[in-house]
Amino acid sequence: MLFSTIVTNETELQQIHQLNQRNLKQNLSLQEIKEQGFVTWLYSPGLLKDMHNLAPSIIVKDNESVVGYALVTLKESRAFHADIKMMLQHLEQIIYQGKTFSSHNYYVMGQVCIDKKYRSQGIFQMLYEQHRKSYSNRFDMVVTEVSTSNLRSQKAHEKVGFKTIHTYFDAKDTWNVIVWDWSKQL
């Protein structure tokens, strides 16, 4: 039985790490990347635990197995997460709704991934509905970046309600900065 929840233990963090590893861009064929999408960053169990200590991430489980995750990454994660630090430095300069992004009340969805056997079953939507349920009382919006070459992910985020507000290039890729603004939906 599939259900969404927040991370509650280290076994779930370990399962997130394993799912993350299996879906890294460098571990997939070109055909899988094109058809199924990919994740870019590897999250170690230690990094996941540090992030979880700030705010638990969102998962979908099939009984006891984590089959999908959408990481919650607070701005405070910049202290121990170098990639997020760089992302936030860039993000905070973007103008959104007439003011710099740093003046908005948001958090970052650090990465989303669904086990191959469970794709196209509504899990993506379940993950983000749980994000809203768990965090919309504390934040006005969630922001993330999607590689412009990851068309499957971009389309899935747009279906949930994300809007592209900025595109930029870095040493790794070209990124769309996307926002799901809950304050506009209340």
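From the Cα gyration tensor of the chain, with a ≥ b ≥ c the square roots of its eigenvalues, which class applies: rounded if a/c is under 1.5, or else prolate if a/b is larger than b/c, or else oblate? Intermediate results must be reported in sequence, preceding the final value.
Details: a/c = 1.37, a/b = 1.22, b/c = 1.13.
Rounded shape, in that the Cα axes give a/c under 1.5.
Name the residue, out of Met87, Met51, Met109, whose mean-square fluctuation peaks in a Gaussian network model built on the chain with Cα pairs under 10 Å.
Of Met87, Met51, Met109, the most mobile in the Gaussian network model is Met87.
For the pair Ser103/Ser120, report the inter-label distance in nm, with labels modelled 7 Å from Cα in the Cβ direction.
Here the modelled spin labels are 4.6 nm apart.
Run the numbers for Gln14 and Ala79: contour at 0.36 nm per residue of separation, minus the present Cα-Cα distance, in nm.
Gain on extension, Gln14 to Ala79, equals 21.2 nm.
Among Phe3, Ser183, Pro56, whose Cα sits farthest toward the positive end of the charge dipole of the chain (+1 at Cβ of Lys/Arg, -1 at Cβ of Asp/Glu, about the Cα centre)?
Towards the positive end, the residue furthest out is Ser183.
What fraction of the DSSP beta bridges in the chain is antiparallel, stated in percent and rounded to the nearest 5?
Here the antiparallel bridges make up roughly 90 percent for the chain.
Would you please classify the overall shape of the stretch 27-119 from the alpha carbon gyration tensor, given that a ≥ b ≥ c denote the square roots of the eigenvalues, rounded means a/c under 1.5, and beyond that prolate means a/b larger than b/c while oblate covers the rest?
Cα axes put the stretch 27-119 in the prolate bin.
Please give the charge dipole size of the chain, origin at the Cα centre, charges +1 on K and R Cβ atoms and -1 on D and E Cβ atoms. Round to the nearest 20 debye.
Charge dipole of the chain: 300 debye, to the nearest 20.
Let me know the charge dipole size of the stretch 49-131 about its Cα centre in debye, to the nearest 20, where only the beta-carbon of Lys, Arg (+1) and Asp, Glu (-1) is charged.
Once rounded to the nearest 20, the dipole reads 140 debye.
Report, in listed order, any pair from Lys34/Lys155; Lys117/Lys172; Lys117/Lys184; Lys99/Lys133 with a Cα-Cα distance greater than 23 Å.
Values: Lys34/Lys155 13 Å; Lys117/Lys172 28 Å; Lys117/Lys184 34 Å; Lys99/Lys133 26 Å.
Pairs exceeding the cut-off: Lys117/Lys172; Lys117/Lys184; Lys99/Lys133.
We did not get these values from a lab; they are worked out from the coordinates using the rules stated. Quick caveat, the model's predicted, so the values are computed rather than measured. Cβ: placed from backbone, ideal geometry, glycine included. Neighbour counts: every protein chain shown.
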